[in-house]
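Below is one structure, written out as structure tokens; comments come after it.
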Amino acid sequence: NGLAAERFPEIVRAVADAGHEINGHAWANDQIMRDDDPEGELAEIRRCTRVLEQASGVRPVGWTSPGSAGSANTLDFLKGEGYLWN
């Protein structure tokens with residue numbers, strides 16, 4: 001998640017450098033995507049993406065929301081942000 005990448009960027013970089021794909025997962029594991037806050041969800045996706053990219057050196061292309069449960073908006077947001085899979 002974004003919080004882990006912010007706190008431990010060297011670990012995220014090592015994982016990416018070892019050839020593993022980095023994917024987004026929200027800012028923290030306990031923040032479930034909600035239908036009634038589309039602006040907040042998009043901001044969280046962008047924040048997490050930015051931090052993961054900075055830490056790993058590559059832009060993530062996959063996303064799995066906490067609990068694998070996105071909102072009614074998640075797939076459209078991810079597509080708009082360039083994600084390839086969920």
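The values are calculated or read from the model by the stated rules, or taken from the named source; none is laboratory data. The structure displayed is predicted, hence computed values, not measured ones. Here Cβ is always computed from backbone atoms with ideal geometry, including for glycine, and neighbour counts include all displayed protein chains. When the accessible area is computed, the model is the full protein with side chains, heavy atoms only, and any ligands, DNA or RNA have been set aside. Shrake-Rupley method; radii C 1.70, N 1.55, O 1.52, S 1.80 Å.
Considered as a group, the residues in region 21-35 that are surrounded by fewer than 20 Cβ atoms within 10 Å (Cβ to Cβ) and of a type in the set (A, V, I, L, M, F, W, C) include one that is modelled with the lowest pLDDT, and that residue is I32.
Somewhere in region 58-80, is a residue closer than 26 Å to E10 by Cα and acidic (D, E)? No, region 58-80 contains no residue that is closer than 26 Å to E10 by Cα and acidic (D, E).
If the requirement is being more than 8 Å from the chain's Cα centre (by Cα), closer than 15 Å to N23 by Cα and open to solvent by 40 Å² or more (accessible area, probe 1.4 Å), which of these qualifies: L84, L78? Break it down stepwise before answering.
On the way: L78 fails: open to solvent by 40 Å² or more (accessible area, probe 1.4 Å).
Result of the check over L84, L78: L84.
Residue check: is I45 outside any helix (DSSP H, G or I) and of a type outside the set (F, W, Y)? Criteria not met by I45. Selection of region 36-72 for residues being open to solvent by 40 Å² or more (accessible area, probe 1.4 Å), polar (S, T, N, Q) and in contact with a Pro (Cβ under 8 Å, 6 or more places away or on another chain) yields only Q54. Residue pairs whose Cβ atoms lie under 6 Å apart, sitting 6 or more positions apart in sequence or on different chains, and linking a residue in region 57-72 that is at pLDDT below 90 to a partner that is open to solvent by 70 Å² or more (accessible area, probe 1.4 Å) and among the hydrophobic types (A, V, I, L, M, F, W, C), are P66/I32.
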